[in-house]
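Engineer: Could you have a look at this structure, given as structure tokens, before my questions?
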Amino acid sequence: MIYFKKGSHDYSFRPEEIKAAVFAALDKLGTRKKVLAIPPDFTRFHSRAGELTQYVYEYYGDKLTDILPALGTHFPMTEEEIKKMYRGIPVSLFKVHNWREDVVTVGTVPGEFVKQVSEGAVDYPVPVQVNRMLLEGGYDLILSIGQVVPHEVIGMANYNKNIFVGVGGAECINKSHFIGATYGMERIMGRALGPVRQVLNYASENFTKDLPIVYLQTVISEGKDGLQMRGLYIGDDFECFEKAAELSLETNFRMMDREMKKVVVYLNPEEFRSTWLGNKSIYRTRMAIVDNGELIALAPGLHQFGEDPTIDQLIRKYGYVHTPQVLNLVKENEDLQNSLGVAAHLIHGASEGRFSITYCPGHLTRQEIESVGFQYADLNEMMKKYDPAVLKDGWNEVEGEEIYYISNPALGLWAYRERFK
């Protein structure tokens, strides 16, 4: 059922309108005694989920007993991040999801179904886990809050990904990511229904249909006055998500009439502190970059490769190599077999030899960057040449050379029209 839907590519929600929409939708749900909210972590600061969660807290008060950020494999939020993103909400309400230990298996998606939807890319079963709080917390309402935007693993982020990945367990995270990577990112990104989504939909329909989950989903894009909420969709089914995904495709997908030769991407240091996240600069642009092109990532906040110590070590060990090499490494190495999400990420972070990738890190050395397969350039020098304060999103000319500048790769997906076909 859909409780609220509104949006268009040129619409801008006002704060009071957002609050009224949230309150109206919650009114339709009737009285609730114990509520759990599952919003994103700080890496999704621009989703406006913080604002929506504030309104949920204002509406329910002490009936909102717990907030469980959908960390997935990311680092826990700091108190400073919580206070900045979720202003006015007591820090004591926030719990930390541990994707390795805090989960319960709710069912297993059969291997034959996975083989069918992935067109034979993989044929293993996928155990599905959720944080035990969802099953054992006694909640009569679970609010999943987040942004629908093109995504490298599942086509469009949010909906049940927030549950089975955001507060899910290692097996589902690893295996679902590997399905998407082996099936092919270019075949998935920007599409609401692909093999990974079908696996998660199977889980929703067969394992968690009795959980009282309602989704609050935003669509965000740049406007003349900064980031704008273009759409808000509140409901408990796939149709609600599908409508949000349609608007996101219209709003966040930059279909290019010509390919990009040189792309410069700025990675905000508050949001992008690892290549695990910073590689959005690669996979969100790879369908638009010409063969033998160049991608430069300005990454002043880059401290590490993975958001998890074990993952970081595996990335350092194997590096970002081409898909056939990754598949061979998986066959030959038990540590990658047990961490298929990392294997998928290695595929996401490579250009398959089509274009060069240069990282300009704030806190990693040349040796570290080059050891995982990237090129290195000095951050200060490149920031002077490609000044984010001067460049505008889109085409620019720098020292007589045409470049395409992107200030935040998390907000969109870029593709050359012919390649997307």
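Engineer: For the stretch 1-75, just run the numbers: alpha carbon Rg, then divide by 2.2 N^0.38 Å, N being how many residues it has.
Structural biologist: 1.19
Engineer: Would you work out the charge dipole size for the stretch 85-216 about its Cα centre, treating the Cβ of every Lys and Arg as +1 and the Cβ of every Asp and Glu as -1, and quote it to the nearest 20 debye?
Structural biologist: The dipole magnitude comes to about 300 debye.
Engineer: Let me ask something additional. Normalized C-alpha radius of gyration of the stretch 206-284, against 2.2 N^0.38 Å?
Structural biologist: Taking the Cα Rg and dividing by 2.2 N^0.38 Å, one obtains 1.43.
Engineer: For the stretch 198-252, what D do you get in µm² per second when you plug the Kirkwood radius from alpha-carbon pairs into Stokes-Einstein at 25 °C and 0.890 mPa s?
Structural biologist: Translational D for this selection: 195 µm²/s.
Engineer: Students sometimes get this wrong: rank ARG286, ARG419 by accessible area, probe 1.4 Å, all chains present, largest first.
Structural biologist: Greatest to least solvent exposure: ARG419, ARG286.
Engineer: When only C-alpha pairs under 8 Å and at least 6 residues apart count, what is the relative contact order of the stretch 118-232, in percent?
Structural biologist: The normalised contact order for the stretch 118-232 reaches 34 percent.
Engineer: Same structure, new question: Between the stretch 152-198 and the stretch 215-267, what's the alpha-carbon centroid distance in Å?
Structural biologist: Using only Cα atoms to place each centre, the spacing works out to 17 Å.
Engineer: Just the number, please: carbon plus sulfur as a percent of the accessible area of the chain, 1.4 Å probe, no ligands or DNA/RNA counted.
Structural biologist: That fraction is 46 percent.
Engineer: The chain: longest stretch without exposed GluC sites (Glu not before Pro) (DSSP loop, at most 15 other Cβ within 10 Å), sites themselves excluded?
Structural biologist: Result for the longest clean stretch: 120-269.
Engineer: Under the definition of Cα pairs under 8 Å and six or more residues apart, what whole-number percent is the relative contact order of the chain?
Structural biologist: 17
Engineer: Once amide H atoms are built 1.01 Å from N in the peptide plane, which residues 5 or more positions from GLY293, or in another chain, come under 5 Å H to H?
Structural biologist: When sequence neighbours closer than 5 places are left aside, the close amide H contacts are SER356.
Engineer: Through the Karplus equation 6.51 cos²θ - 1.76 cosθ + 1.60, θ set to phi - 60°, convert the phi angles of the stretch 62-68 into ³J(HN,Hα) values in whole Hz; use x for Gly and Pro.
Structural biologist: Along the stretch 62-68, the couplings run 6, 6, 7, 8, 8, 10, 10 Hz.
Engineer: Does a label point 7 Å from the Cα of SER12, set along Cα-to-beta-carbon, have any residues of the stretch 34-55 with amide nitrogen under 15 Å, and which are they?
Structural biologist: Once the point is set 7 Å along Cα→Cβ of SER12, nothing inside the stretch 34-55 turns out to lie under 15 Å by backbone N.
Engineer: Just to confirm the filter: which trypsin sites (Lys or Arg not before Pro) across the stretch 351-401 are DSSP coil and have at most 11 other Cβ within 10 angstrom of their Cβ?
Structural biologist: When the trypsin sites (Lys or Arg not before Pro) of the stretch 351-401 are filtered for loop state and at most 11 Cβ neighbours within 10 Å, LYS392 remain.
Engineer: Want the number for ARG187 to GLU222: 0.36 nm per residue separation, take away the alpha-carbon distance, what's left?
Structural biologist: 10.1 nm
Engineer: Taking amide H positions as placed in the peptide plane 1.01 Å from N, state which residues far from LEU71 in sequence (5 or more) or on other chains have amide H under 5 Å from it.
Structural biologist: HIS97
Engineer: Check the straight Cα-Cα distances from LYS5 and name the lysines below 27 Å, setting aside those fewer than 8 residues away within the same chain.
Structural biologist: By straight Cα distance, LYS5 reaches LYS19, LYS28, LYS33, LYS34, LYS63, LYS161, LYS209, LYS224, LYS243.
Engineer: Would you list which lysines come within 16 Å of LYS384, measuring only between C-alpha atoms, while excluding same-chain residues fewer than 8 positions from it?
Structural biologist: LYS384 reaches LYS392.
Engineer: How far, in degrees from 0 to 90, does helix 238-252 lean away from the longest principal axis of the Cα atoms of the chain, to the nearest 10?
Structural biologist: The angle comes out at about 30 degrees.
Engineer: Sticking with this structure for a sec: Based on the Cβ-Cβ distance from ARG258 to GLU101, what FRET efficiency comes out when R0 is 51 Å, to the nearest 0.05?
Structural biologist: For ARG258 and GLU101, the calculated efficiency is 0.55.
Engineer: Under a 10 Å cutoff between Cα atoms, tell me which one of PRO309, PRO125, PRO300 has the largest fluctuation in the Gaussian network model of the chain.
Structural biologist: PRO309
Engineer: Further question on the same structure: For the stretch 233-355, just run the numbers: alpha carbon Rg, then divide by 2.2 N^0.38 Å, N being how many residues it has.
Structural biologist: 1.23
Engineer: Quick one: what Rg and Dmax do you get for the stretch 273-421 from the alpha carbons, in Å?
Structural biologist: In Å, with Rg to one decimal and Dmax whole: 15.7, 50.
Engineer: Using a ≥ b ≥ c from the Cα gyration tensor of the stretch 104-155 (square roots of the eigenvalues), is it rounded, prolate or oblate, where a/c under 1.5 gives rounded and otherwise the larger of a/b and b/c decides, a/b for prolate?
Structural biologist: Oblate shape, in that a/c is at least 1.5 and b/c is the bigger or equal ratio.
Engineer: Per residue, how much accessible surface does the chain expose to a 1.4 Å probe? Answer in Å², no decimals.
Structural biologist: Heavy-atom accessible area per residue stands at 40 Å².
Engineer: Still on this model: Using Stokes-Einstein with the Kirkwood hydrodynamic radius over Cα pairs, what translational diffusion coefficient do you get for the stretch 51-173 at 25 °C and a viscosity of 0.890 mPa s, in µm²/s rounded to a whole number?
Structural biologist: 154
Engineer: Most mobile of ILE220, ILE154, ILE142 per a Gaussian network model of the chain (Cα springs, under 10 Å)?
Structural biologist: Evaluated over the chain, the most mobile residue of the options is ILE142.
Engineer: Toward the positive end of the charge dipole of the chain, about the Cα centre and with charges on Cβ (Lys, Arg +1; Asp, Glu -1), which of VAL264, ASN279, VAL22 goes farthest?
Structural biologist: Final value for the positive-end residue is VAL22.
Engineer: Find, to one decimal place in angstroms, the Kirkwood hydrodynamic radius of the stretch 340-421, where the mean of 1/r is taken over every pair of different Cα atoms and then inverted.
Structural biologist: 15.1 Å is the Kirkwood radius here.
Engineer: To the nearest 20 debye, what is the magnitude of the charge dipole of the stretch 1-92 about its Cα centre, counting +1 on the Cβ of each Lys and Arg and -1 on the Cβ of each Asp and Glu?
Structural biologist: 320
Engineer: Please list, in chain and number order, the residues 5+ apart from VAL398 or on another chain whose amide H is under 5 Å from its amide H, with Hs placed from the backbone.
Structural biologist: ILE403
Engineer: How large is the Kirkwood hydrodynamic radius of the stretch 340-388, in angstrom, based on all distinct alpha carbon pairs?
Structural biologist: Hydrodynamic radius (Kirkwood, Cα only) of the stretch 340-388 equals 12.1 Å.
Engineer: Could you give each residue of the stretch 21-34 its phi-based ³J(HN,Hα) in whole Hz, using Karplus coefficients 6.51, -1.76, 1.60 with θ = phi - 60°, and x for Gly or Pro?
Structural biologist: So the J values, rounded to whole Hz, are 5, 4, 4, 5, 5, 5, 4, 5, 7, x, 5, 10, 9, 9.
Engineer: For the chain, take the longest principal axis of its alpha carbons; what is the angle in degrees between that and the long axis of helix 323-332, to the nearest 10 within 0 to 90?
Structural biologist: Approximately 70 degrees, to the nearest ten.
Engineer: Same structure, new question: For the chain, max minus min Cα coordinate along each principal axis, in Å, sorted largest first?
Structural biologist: Extents along the principal axes, in whole Å: 62, 50, 40.
Engineer: Another question about this same structure. With the calculation restricted to Cα positions, what are the radius of gyration and Dmax of the stretch 121-188 in angstrom?
Structural biologist: 13.3, 41
The values are calculated or read from the model by the stated rules, or taken from the named source; none is laboratory data. Here the structure is a predicted model, which is why all the values come from computation and not from measurement. FYI the Cβ positions are ideal-geometry reconstructions off the backbone, even for glycines, and counts take in every protein chain you see. Side chains included, ligands, DNA and RNA excluded: accessible areas come from the protein's heavy atoms. Shrake-Rupley method; radii C 1.70, N 1.55, O 1.52, S 1.80 Å.
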